Ligand SMILES: [Zn+2]
Ligand SMILES: [Zn+2]
């Protein structure tokens, strides 16, 4: 290392895996990651960024669990919607 790390401007936070600008911390290990070094996982209340390490360690199983849970919820919502529509049409007549 020959003094490359000293920069005048503060600049944005850097990705843990490469030197690109970090977009946010990993949802699992809090390491800062950029858009290229993370996997977006949809689950629960939003979208999570998982770093490559955590994705390899078992983020996929977590994502799979959330995905099936989401599909389950969507199924229930669709069923409820169908029932509501049926009740509404029956009530009008
Ligand atoms: Zn990166
Ligand atoms: Zn991580």
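Rank these for me by crowding, 76, 50, going from fewest to most other beta carbons within 10 Å.
Fewest-to-most ranking of 76, 50: 76, 50.
How much length would be gained if the chain were fully extended between residue 87 and residue 14, taking 0.36 nm per residue of separation minus their Cα-Cα distance, in nm to one decimal?
20.7 nm
Every read-out reported here was derived from the displayed coordinates using simple, explicitly stated rules and does not represent laboratory data. From a predicted model like this one, the values you see are computed outputs, not experimental measurements. Every residue, glycine among them, receives a Cβ derived from its backbone with ideal geometry; neighbour counts consider all protein chains shown.
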